[in-house]
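The values are calculated or read from the model by the stated rules, or taken from the named source; none is laboratory data. Quick caveat: nothing in here was measured; it's all calculated off a predicted structure. Reconstructed Cβ throughout: ideal geometry from the backbone, glycine too, with neighbour counts over all protein chains shown. Areas reflect the complete protein model, heavy atoms only, side chains present, ligands, DNA and RNA absent. Shrake-Rupley method; radii C 1.70, N 1.55, O 1.52, S 1.80 Å.
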Amino acid sequence: MTEFERMIRLLDTSWPMRSEIVPCLVGPPGIGKTAAVKQHARAHGCGKVVKIVASRCVPSETVGMTMPDHANRSMSIYNSMQLSSLEDGDVLFFDELLEADQFVLSTLLTVIESREMADGTPLPDIQIIAATNDTIPPDQLKGNIRQRFMFMTFKVDRNQTRKYIQEQTGIWVPDSVIAKIVDDGSGYNFLTPRSLTKLCLWMNAVDEEKAPEVADVINDIWGSNIGTELMLARKARDAKIPTPEEQLRSVVKTDIGIDAFAEDAPDFDDCTMTEMLEYLQSLPDWDEIKGKLEHTLIATAEEDETQIKF
């Protein structure tokens, strides 16, 4: 199960208990937290997702505010416009929860606990979901925060990132680039699933003659040869050269035969190339299998990661 699928499962299973359970997706930027909320909402036929970025809002945006009512010569409570727009079946999504100002966070907790707007009007039958970057250690969170959410931590899923990029652009991102994805970084630019996807979309969008220039710019930005590697991956796609993973699956299915494997063999249509190669290396006739792989892209693509020598 991918990390994205784990997010969807958490949101889906908490839907029947939406009046009590507030799931909070915890993880680094770019892993698909917002996308998971939107996909979950579509699956349940929700009318809309009302998103409040907690780190950039003020208390009045969540609980409303008290203002003079000159006609009645009194003070009146006005509900938040965002909360007032909610209807039964909608999703209220608090993003960047733990990055919020403490006063804003307190008002969010009040809304979550009371399920009421500022004037006492009950919230509709909605699901409240939160998400946050893992910037604050759990032991630094106050108990009144921790007890109101069901926190689940998710990590960068490199295989899912590669699969998503290939679906969007047709580019098979090399392992050497995928390995550079990190959760955070010391400089302005650090490679996350989101930023890598944008780089691939950039490389995909330019004309072939402009690709080398874009590659040079990307190399300059990131201080590495990421741009060059993505340009070569694009060329491989355009030349319709099967990716190393595709080549390996083809060799396994046509030259070796999956039926010959034991029952504990991995699912070759779903597992990574590394998992496939490591399993093949464990077989008694590995030397014969290796000979069938030596003249493909597989040898150079996985030798470093798996330490399998061809």
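Restricting attention to the stretch 134-155 and to residues that are surrounded by fewer than 18 Cβ atoms within 10 Å (Cβ to Cβ) and under 19 Å from the mean Cα position of the chain (by Cα), the residue that is modelled with the lowest pLDDT turns out to be T135. Considering the stretch 102-133, and only residues there that are surrounded by fewer than 14 Cβ atoms within 10 Å (Cβ to Cβ) and among the charged types (D, E, K, R), the residue that is farthest from the chain's Cα centre (by Cα) turns out to be D119.
Within the stretch 193-214, residues that are more than 15 Å from A233 (Cα to Cα) sit with their Cβ atoms under 9 Å from residues that are charged (D, E, K, R), at 6+ positions apart or across chains, in these pairs: P193/D157; P193/R158. Scanning the stretch 174-223 for residues that are acidic (D, E) and either more than 15 Å from P28 (Cα to Cα) or part of a helix (DSSP H, G or I) (or both) yields D175, D207, E208, E209, E213, D216, D220. Looking only at residues of the stretch 1-31 that are farther than 13 Å from M150 by Cβ and touching a Ser or Thr at 6+ places or on another chain (Cβ under 8 Å), we find that the one that is most open to solvent (accessible area, probe 1.4 Å) is P29. Applying the condition of being among the charged types (D, E, K, R) and free of Cβ contacts under 8 Å to residues at least 40 places away in the same chain to the stretch 215-230 and asking which residue is surrounded by the most Cβ atoms within 10 Å (Cβ to Cβ) yields D216.
Scanning the stretch 98-153 for residues that are in a helix (DSSP H, G or I) and β-branched (V, I, T) turns up V104, T107, T110, V111, I112, I145.
Starting from residues that are among the small types (G, A, S) and over 21 Å from V111 (Cα atoms), keep the ones in the stretch 11-48 and report whichever is nearest to the chain's Cα centre (by Cα). Checked the stretch 11-48; the qualifying residue nearest to the chain's Cα centre (by Cα) is G32.
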